[in-house]
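Peer 1: Shown below is the structure under consideration.
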Amino acid sequence: MSNNIIEMKNIIKSFYIGTPNQINVLKGIDITVKEGEFVSIIGTSGSGKSTLMNIIGALDRATSGEYILDDTNINDISDDGLSQVRNKQIGFVFQTYNLIPRSSALKNVELPMLYYGMNKKDRRERAEELLELVGMADRMSHQPNELSGGQKQRVAIARALVNNPSIILADEPTGALDSATGRMVMDLFHKIHEEEGKTIVLITHNNELAEETQRIITLRDGNITSVADNEKYYRRFKEEEKICL
Amino acid sequence: MFIKENILLAIAGLKSNKMRSLLTMLGIIIGIASVIGVVSVGNAMTSSVNSQMASMGATNITVNVQEKSTTSTTSTTSKNNTAGNSQGGNKGTQAAGSTQSGNAQGGNKGTQAAGSTQSGNAQGGNKGTQAGGGIPGGGIPGGGGNFGGGRQGKSSSTAKDIDLMTMAQINTLQENFSDEISSISMNESDLSGKVKNETTYANINTVGTNVGYQDVKSIAMQKGRYLAQNDIDEVKNVAVVSDKLATKIFGTTDPIGQDIKVYTSNAIFTYTVVGVYTYKASGNSRTTSDDNLTTDVYIPITVSKKTATNKNYQTFTIKPKDGVDVQTFTTELSTYLSTLYAKNNKFEAAASNMESMLESRTSMMNTVSLAISGIAGISLLVGGIGVMNIMLVSVTERTREIGTRKALGAKSSHIKMQFIVESIIICTIGGILGILLGLGLGAMGAKAMGFVNTVSPLVIIISFGFSMFIGVFFGYYPAKKAAELDPIEALRYE
């Protein structure tokens, strides 16, 4: 068993807008993400970022190519199979939080476990544990419309973590937040990455955010233009260690 | 596992939009309520009629002497005639196609038939004489008129003794059909009054009966005996009284052999008690206190005939033997009776049974029920379409939620289940409200019509099940649509 969580080889995604007009949005992507890595994918709008995210998140299938997620070949499984992959191996964090309205924070966090088929007692315990981790222990029974943006995103992160997924896939997680709360959310990702050892894929168009991650994958017009280890990340990491010392 | 979560979720959704939920349910509520209401009123009517029938004996055949329906135009003429006489006191009236003079004195009325020449002259209670060709004529003393089982129709011509069945004819009939007839009952409402002793009294109606009356009316004896044939033949002043009356008037004394005095407004009659029967309340009569209870005192029919206007019989009841086909026998009797009345062109004797009455009433009620059920069905259909409409709106409104759920690992079947459950919940709550409303309306309706309200649990279960079915049926399409949403599109939906 390799320690690569994501292995993508020559991923091509084509859309057909009218029969003759084939548009290749992704033109042969190769990505490898190791277990425990914090990677960012950046690109301007129209670069194929969202399409790539949908494929990584098992919401969509590639037209051709090979995608292996944690030893599961995603290309040849059914729709229900994809649902299971999303349920067990991927934790989504969206820009718009996407909490279920009229359901408490606790119920929202329990939802992936409900689809997983866990019993009520275990669900409750696990949800409480994770809400505590993201610092929302005192707001468990609040409904989404009673929470601020930062609080909603923290609930969403807790929800992404409950089924102990292979990767956390965060799509512009700070895009709808002011800089202070955005900072707090990013700190939470770092905490999850460092303390829980989670693999995180951050999709953003914000270079500043990308520079906080270990590796930056830049996408342009459906191609990867650079994959670079990020020196700043390691510098920051070392500085923090110094402070701690 | 999901069912409970889905139900809670659906209820939370309904609560957050109460007005919309109620309006959505309204079609279902009205539909189910009208079905339940109609069925419960219908049931109440049927059971009321049935219990009446049962107490009367549903298989009994009633023979009734009535005016021939073809002579109805004549009745109108006679009516005018009657009115003219009573006003003018002594006046000749001319009717179409007939020459006739009516002469009524002392409250007497002259009656007349069209197509005949006839003179009526009645004085002080004398019987009229009959004109040629078997056509009746003459006067009837004032205060006389209908008696016995009452007459059907609005005929104004009154049957005379000559038109009625004699005891001999009835006996012949019984002999002719001895294989079919168990017993024949005749009765004559005699008078109403009070039976008094030193301290108290009891309200009674005296009813002249024959021996067969006991069998036909299923009268159960408690003490002594019922009237015997020789009581009737010898015109004995004997009586059979109810246990209620016996207790009230005689207390602990054995009433058999005691005399009772019946006080009417202008006379006193004395009868010797020979038997006590068990009083039973009739089908739908409201229970009154024993103090005001009016019970029947049965006396020989020949005794009541002494004071009666007509000495012959207008109506009597035949109880067929067990296993006799009532309908066929009724037809046979009708044929026999029509031969007997072939020469009488004004009156006929008709045999009818409760079954045919019951059948026609049931079929009428069924038609009404069917019509209202049809309307209820349309209401349910419209209600169901309303539910489907709202579910489609709900799916559109919650597109993002559906996308999120799919991203979190919900399979299409989970989403489908969620929306079907929601639709079922709407319809079931609507159904329950409808059932409650229907029961209320049914109870009110039945009470207003004076029936005892009964609702079978089966109807409630069926209505409940049917509203759930509507939920599944009309919820399926929106749920399928929700389940088939592409998660990427759904997540992006604004």
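The values are calculated or read from the model by the stated rules, or taken from the named source; none is laboratory data. Predicted model, so just to flag it, every value in this text is computed and none were measured. Every residue, glycine as well, gets a Cβ built from its backbone with ideal geometry; the counts of neighbours run over all protein chains shown. Just so you know, the surface numbers come from the protein's heavy atoms only, side chains and all, with ligands and any DNA or RNA stripped out. Shrake-Rupley method; radii C 1.70, N 1.55, O 1.52, S 1.80 Å.
Peer 1: At q = 0.18, 0.24, 0.25, 0.29 Å⁻¹, what is the base-10 log of I(q)/I(0) for segment B:214-274 according to the Debye formula with one equal point scatterer per Cα and no solvent? Please give it to two decimals.
Peer 2: Once normalised to I(0) and log-transformed, intensities are -0.72, -1.12, -1.17, -1.28.
Peer 1: Calculated from DSSP H runs of 4 or more alone, at -39500 (n - 2.57) each and per residue, what is the 222 nm mean residue ellipticity of chain A, nearest 500?
Peer 2: The helix-only estimate for chain A comes to -11000 deg cm²/dmol at 222 nm.
Peer 1: Then there is this: Could you rank the peptides B:405-411, B:455-461 by their average count of other C-beta atoms within 10 Å per residue, with the highest value first?
Peer 2: The densest-packed peptide leads the list: B:405-411, B:455-461.
Peer 1: Moving to a separate point now. Using C-alpha positions alone, give me the convex hull volume of segment B:342-494 per residue in cubic angstrom.
Peer 2: Value for segment B:342-494: 165 Å³ per residue.
Peer 1: Moving on to the next point. Rank-order B:15-22, B:418-425, A:109-116 by packing density, defined as the average count of other C-beta atoms within 10 Å over each peptide's residues, highest first.
Peer 2: Ranking, from highest mean packing down: B:418-425, A:109-116, B:15-22.
Peer 1: Pull up the cross-link candidates among the lysines for B:LYS68, meaning alpha carbon to alpha carbon under 24 Å and not fewer than 8 places away within one chain.
Peer 2: Result set, ordered by chain and number: B:LYS79, B:LYS109, B:LYS127, B:LYS154, B:LYS160, B:LYS311, B:LYS343, B:LYS346.
Peer 1: Given the options B:GLY384, B:ALA349, B:ASN366, identify the residue whose Cα lies farthest towards the positive end of the charge dipole of segment B:319-424 (+1 on Cβ of Lys, Arg; -1 on Cβ of Asp, Glu).
Peer 2: Positive-end residue among those listed: B:GLY384.
Peer 1: For segment B:380-459, divide the Cα radius of gyration by the Kirkwood radius and give the resulting Rg/Rh value with two decimals.
Peer 2: Taking Rh as the inverse mean 1/r over Cα pairs, Rg/Rh reads 1.23.
Peer 1: Label B:LYS68 and B:SER192 with points 7 Å out from Cα along Cα→Cβ: what is the distance between them in nm?
Peer 2: Calculated label separation equals 3.7 nm.
Peer 1: Can you list the aspartates and glutamates whose alpha carbon is less than 17 Å from that of B:LYS416, not counting same-chain residues fewer than 8 positions off?
Peer 2: Partners within reach: A:ASP79, A:ASP80, B:GLU5, B:GLU397, B:GLU401, B:GLU484, B:ASP486.
Peer 1: Also, quick follow-up: Mind scanning A:LYS191/B:LYS411; A:LYS27/A:LYS152; B:LYS261/B:LYS306 and naming the pairs with a C-alpha gap bigger than 27 Å? Please list the in-between numbers first.
Peer 2: Working: A:LYS191/B:LYS411 31 Å; A:LYS27/A:LYS152 36 Å; B:LYS261/B:LYS306 18 Å.
Violating the 27 Å limit, Cα to Cα: A:LYS191/B:LYS411; A:LYS27/A:LYS152.
Peer 1: Considering just Cα atoms, how many Å³ per residue does the convex hull of segment A:1-132 enclose?
Peer 2: For segment A:1-132, the hull spanned by Cα atoms encloses 159 Å³ per residue.
Peer 1: Right, next: For segment A:155-212, compute Rg over Rh where Rg is the Cα radius of gyration and Rh is the Kirkwood radius from the inverse mean 1/r over Cα pairs.
Peer 2: Across segment A:155-212, the Cα-based Rg/Rh ratio is 0.93.
Peer 1: Given H placed 1.01 Å from N in the peptide plane, which residues other than close sequence neighbours of B:ILE318 have an amide H under 5 Å from its amide H?
Peer 2: Counting only residues 5 or more places away or on other chains, the set is B:ILE61, B:THR62, B:VAL63, B:SER185.
Peer 1: Over the whole of A:80-86, what's the average partner chain Cβ count within 10 Å per residue? Rounded to a whole number, please.
Peer 2: 4
Peer 1: Over segment A:97-245, one equal point on each Cα, no solvent: what is log10 I(q)/I(0) by the Debye formula at q = 0.13 Å⁻¹?
Peer 2: -0.65
Peer 1: Check A:PHE92: other-chain or 5+ apart residues with amide H under 5 Å from its amide H, H built from backbone geometry?
Peer 2: Amide H neighbours of A:PHE92, under 5 Å, 5+ apart: A:LEU169.
Peer 1: I need the Kirkwood Rh of segment A:48-113: take the reciprocal of the average 1/r across all distinct C-alpha pairs and report it in angstrom.
Peer 2: After inverting the mean inverse Cα-Cα distance, the result is 13.3 Å.
Peer 1: Using a Cα-Cα cut-off of under 18 Å, which aspartates and glutamates could be cross-linked to B:LYS248, ignoring same-chain neighbours fewer than 8 residues away?
Peer 2: Qualifying aspartates and glutamates at Cα under 18 Å: B:GLU198, B:ASP259, B:ASP290, B:ASP291, B:ASP296.
Peer 1: Still on this model: Per q in 0.15, 0.16, 0.18 Å⁻¹, report the Debye log10 I(q)/I(0) for segment B:156-289, using one uniform scatterer on each alpha carbon and no solvent.
Peer 2: Calculated log10 I(q)/I(0) at the listed q: -0.86, -0.96, -1.14.
Peer 1: Can I ask one more? Counting partner chain Cβ atoms within 10 Å of every residue's Cβ in A:90-103, what's the average? Kindly include the intermediate steps, with their values, before the conclusion.
Peer 2: Details: counts 3, 2, 5, 0, 5, 0, 5, 1, 8, 2, 7, 7, 6, 5.
Rounded to a whole number, the mean comes out at 4.
Peer 1: What total accessible area, in Å², is buried where chains A and B meet, using a 1.4 Å probe and rounding to the nearest 100?
Peer 2: For A against B, buried area totals roughly 2200 Å².
Peer 1: Once Lys and Arg get +1 and Asp and Glu get -1 on their Cβ, which of A:ILE200, A:MET113, A:ILE168 lies farthest toward the positive end of the dipole of segment A:111-245?
Peer 2: Ranked along the dipole, the leading option is A:MET113.
Peer 1: Next question, about the same structure. If you take each beta carbon of peptide B:407-419 and count the beta carbons of other chains within 10 angstrom, what is the mean?
Peer 2: 6
Peer 1: List residues of segment B:180-211, by number, whose backbone nitrogen lies under 19 Å from a label position 7 Å along Cα→C-beta of B:THR339.
Peer 2: Once the point is set 7 Å along Cα→Cβ of B:THR339, B:180-181 turn out to lie under 19 Å by backbone N, inside segment B:180-211.
Peer 1: While we're looking at this one, here's another question. With θ set to phi - 60°, apply the Karplus curve 6.51 cos²θ - 1.76 cosθ + 1.60 along segment B:263-276 and write out the HN-Hα couplings as whole Hz, x wherever there is a Gly or Pro.
Peer 2: My calculation for segment B:263-276 gives 9, 9, 4, 9, 7, 10, 10, 10, 10, 9, 6, 10, x, 10 Hz in order.
Peer 1: State which entries of B:LYS194/B:LYS236; B:LYS196/B:LYS244; A:LYS120/B:LYS406; A:LYS34/A:LYS232 exceed 23 angstrom in Cα-Cα distance in the structure shown. Walk me through the numbers before you get to the answer.
Peer 2: Values: B:LYS194/B:LYS236 20 Å; B:LYS196/B:LYS244 14 Å; A:LYS120/B:LYS406 21 Å; A:LYS34/A:LYS232 19 Å.
The answer is none of them.
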